[in-house]
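Single-structure report; data block below.
The values are calculated or read from the model by the stated rules, or taken from the named source; none is laboratory data. Keep in mind that this is a model prediction, so the values were computed, not measured. Neighbour counts are summed over all protein chains in view; Cβ atoms, including those assigned to glycine, are modelled from backbone coordinates with ideal geometry. When the accessible area is computed, the model is the full protein with side chains, heavy atoms only, and any ligands, DNA or RNA have been set aside. Shrake-Rupley method; radii C 1.70, N 1.55, O 1.52, S 1.80 Å.
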Amino acid sequence: MLAPQISMRERMSMYNANALKIGLFGPNCSSGRAVTRVPERWSGSWPDNLRLARMADEAGIDFLLPIARWKGYGGDTDYQGATWETVNWASGLLASTKKITVFGTMHAPLFNPIIAAKEFVTADHIGEGRFGLNLVVGWNEDEFQMFGVTQREHDARYDYAQEWIDVVKLAWSDRADFDYGGRYFNHKGIRAKPKPFGGTRPLIMNAGASDIGRAFALRNCDAFFTNHRSRARDDTEAKVRTVKAEAAKYGREIDVYTVGVVTCRPTIKDAEAYHRHCVVEEADWSAVDLILAKKNITAENHSPADFQKARNGYAQGMGGFPVVGDPDEVASILFEMSQAGMRGIGISFVNYADELPYFCDEVLPRLKRMGVRA
Ligand SMILES: Cc1cc2nc3c(=O)[nH]c(=O)nc-3n(C[C@H](O)[C@H](O)[C@H](O)COP(=O)(O)O)c2cc1C
């Protein structure tokens, strides 16, 4: 099984020269990231995912990032009630595309790392080096109960994940027939072939928001995803600078990414009206409140103003920066993020496949003229 050699740098650049990487976040889930009742909301069906991935690949979108979600949130729409298992989803899409990087998102506590390492290698060979791993430790208690798995206390989740990723990386390495003995894992005679595609390993990302989660990402990952909510250049620069400085303490370089929710229409007025229609007038408020309750954000423990702010934020895309406007405005927001040091952004739309063509036709050429897309 000889494959051409590729470098980690090629993987990290996603095999292209785009200074600002743009990916689609969440299309493997019904409704995607918009908690809305509008009938055109994202189906998440396989034919729609396949159509979207091919369209994105053709248009030069850099990556697809799925959400590992096992149980819908309920509400009027059973928000994210139908979801694809993400490594299988990635494998199918990698087989059907040519250039785009496709991530699988894995809950470390739910999978044996030796099995997971082989799943990743399989996807990586199908995509000839285009598979990426988003490693998550989980936060949703009742989702874990469904598996009969008890959530560890918050910080212990990342201790466990450290051993988990160490085992995965060892299984990917050239070592053979070795034992691993740790606090959480005891494996004898590990032998795992083939290795990842091209003599290197898949790109790894994590989005820990706590201090311990961020430290885990900085020690182990190539890309760190934030949920950055400010448009002010100073704030964004400070965020990126802090993360990079902290990574340097571990002797590592890391790329910083963020997430955004795009509504792009020919005029700002139209974009704002559609955004309001989907995530205010037609928001699935019952689902929003169920999501917030899982995060212990309730009307009882928040002031009315703070609670409503959280509700509005979650309705429009489970958090994420609202990128609402005409093509000039949308391109400006993305350009500013890039100038402030963000390496990329995972975006979502109410209906990814319906809205992506306009975004690609109007926004990508502007970003190219601005010098942040090749
Ligand atoms: C871009 C992004 C993607 C994420 N994907 C998932 C996911 O698919 N499944 C999941 O359970 N959590 C996901 N999370 C949650 C994070 O992994 C993490 O648990 C959360 O940010 C809280 O941080 P903490 O674990 O450090 O407290 C995601 C967060 C972000 C910002």
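Listed values, structure above:
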{"quantity": "Whichever residue in the range 244-264 is assigned to a helix (DSSP H, G or I) and not basic (Lys, Arg) and, among such residues, is nearest to Ala217 (Cα to Cα)", "calculated": "Ala247"}
{"quantity": "Filter result (crowded, with 20+ Cβ neighbours inside 10 Å, touching a Gly at 6+ places or on another chain (Cβ under 7 Å) and over 30 Å from Glu141 (Cβ atoms)) within the range 265-296", "calculated": "Ala271"}
{"quantity": "Lys239 being more than 16 Å from the ligand (Cβ to nearest atom) and either hydroxyl-bearing (Ser, Thr, Tyr) or at pLDDT 95 or above (or both)", "calculated": "no"}
{"quantity": "Members of the range 100-147 found to be away from the ligand (no atom under 16 Å from the Cβ), part of a loop (DSSP other than H, G, I, E, B) and either among the acidic types (Asp, Glu) or open to solvent by 50 Å² or more (accessible area, probe 1.4 Å) (or both), listed by number", "calculated": "Asn112, Glu128"}
{"quantity": "Matching option when the condition is in contact with a helix residue (DSSP H, G or I) (Cβ under 7 Å, 6 or more places away or on another chain), open to solvent by less than 10 Å² (accessible area, probe 1.4 Å) and part of a loop (DSSP other than H, G, I, E, B), among Ala19, Ala34", "calculated": "Ala34"}
{"quantity": "Of all residues making up the range 142-170, the number that are over 24 Å from the mean Cα position of the chain (by Cα) and of a type in the set (A, V, I, L, M, F, W, C)", "calculated": "1"}
{"quantity": "Leading residue by the ranking (farthest from the ligand (Cβ to nearest atom)) among those in the range 66-99 that are in a helix (DSSP H, G or I) and not hydroxyl-bearing (Ser, Thr, Tyr)", "calculated": "Ala95"}
{"quantity": "Residues of the range 58-99 that turn out to be open to solvent by less than 10 Å² (accessible area, probe 1.4 Å) and charged (D, E, K, R), as a count", "calculated": "1"}
{"quantity": "Options Val288, Val279: the member that is in a helix (DSSP H, G or I), of a type outside the set (D, E, K, R) and modelled with pLDDT under 95", "calculated": "Val279"}
{"quantity": "Among residues of the range 188-230, those that are closer than 23 Å to Pro66 by Cβ, open to solvent by 50 Å² or more (accessible area, probe 1.4 Å) and either in a strand (DSSP E or B) or within 8 Å of the ligand (Cβ to nearest atom) (or both), counted", "calculated": "4"}
{"quantity": "Evaluation of Asp57 against (1) under 24 Å from Ala116 (Cα atoms); (2) without any contact (Cβ under 8 Å) to a residue 60 or more places away in the chain (one fails), failing number", "calculated": "(1)"}
